[in-house]
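In what follows, a single structure is set out as structure tokens and then discussed.
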Amino acid sequence: MESLELLKQSKFPFAELIGLRLTGAAPDRVAAELVVREELCTNPAVLHGGAMMALADSLGAYATLLNLNGGRTTTTIE
């Protein structure tokens, strides 16, 4: 299965909530777009740092998923 299709079939609820849209994917590169809308901004109309970090964190998670093999998974602090 192609990398981009694999990622699009995976559920990343928070990335979906903020509106992240994947535009390209390979094991060494993941590309996405995020529309800067009012709900993600500080005042005046500047993308909130937390939204920027959520974008970066989501891209890192997508790249990690593409580079896992043999049925391996990741862990969290839970």
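Bear in mind these aren't lab numbers, they're just calculated from the coordinates by the rules spelled out. Here the structure is a predicted model, which means the values were calculated and not measured. Don't worry about glycine lacking a Cβ; one is built from the backbone with ideal geometry, like all the others, and counts go over all protein chains shown.
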- Principal-axis tilt of helix 49-67 within the chain, Cα atoms, nearest 10 degrees: 10
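Please compute the length gained on full extension between Thr73 and Ala56, using 0.36 nm multiplied by the number of residues separating them and subtracting their Cα-Cα distance.
Full extension from Thr73 to Ala56 adds 4.1 nm.
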- Query: How many nm separate the modelled label positions at Leu17 and Arg37, each set 7 Å beyond the Cα in the direction of the Cβ?
  - Reply: 1.5
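Just want the ordering: Val35, Val30, from fewest to most Cβ atoms lying within 10 Å of their own Cβ.
Details: Val35 9, Val30 22.
Ranked by crowding around the Cβ, least crowded first: Val35, Val30.
Mind putting a number on the dipole of the stretch 3-67 about its Cα centre? Charges go on the C-beta only, +1 for Lys and Arg and -1 for Asp and Glu, and I need it in Debye to the nearest 20. The partial results should precede the final answer.
Values: 5 positive and 7 negative charges, 20 e Å.
Dipole magnitude for the stretch 3-67 comes out near 100 debye.
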- Query: Highest GNM mean-square fluctuation, the chain, Cα pairs closer than 10 Å: which of Leu68, Leu20, Leu34?
  - Reply: Leu68
- Burial ordering of Glu5, Glu38, fewest other beta-carbon atoms within 10 Å first: Glu38, Glu5
- Springs between alpha-carbon atoms under 10 Å, Gaussian network over the chain: tell me which of Gly19, Gly50, Gly60 tops the mean-square fluctuations. Gly50
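How large is the convex hull of the C-alpha atoms of the stretch 3-67 per residue, in Å³?
Numbers: hull volume 4.5 nm³, N = 65.
Given the Cα convex hull of the stretch 3-67, per-residue volume reads 69 Å³.
For Arg29, Arg72, what's the fewest-to-most ordering of other Cβ within 10 Å of each Cβ? Show your work: numbers first, answer last.
Values: Arg29 11, Arg72 7.
Neighbour counts put them in this order, fewest first: Arg72, Arg29.
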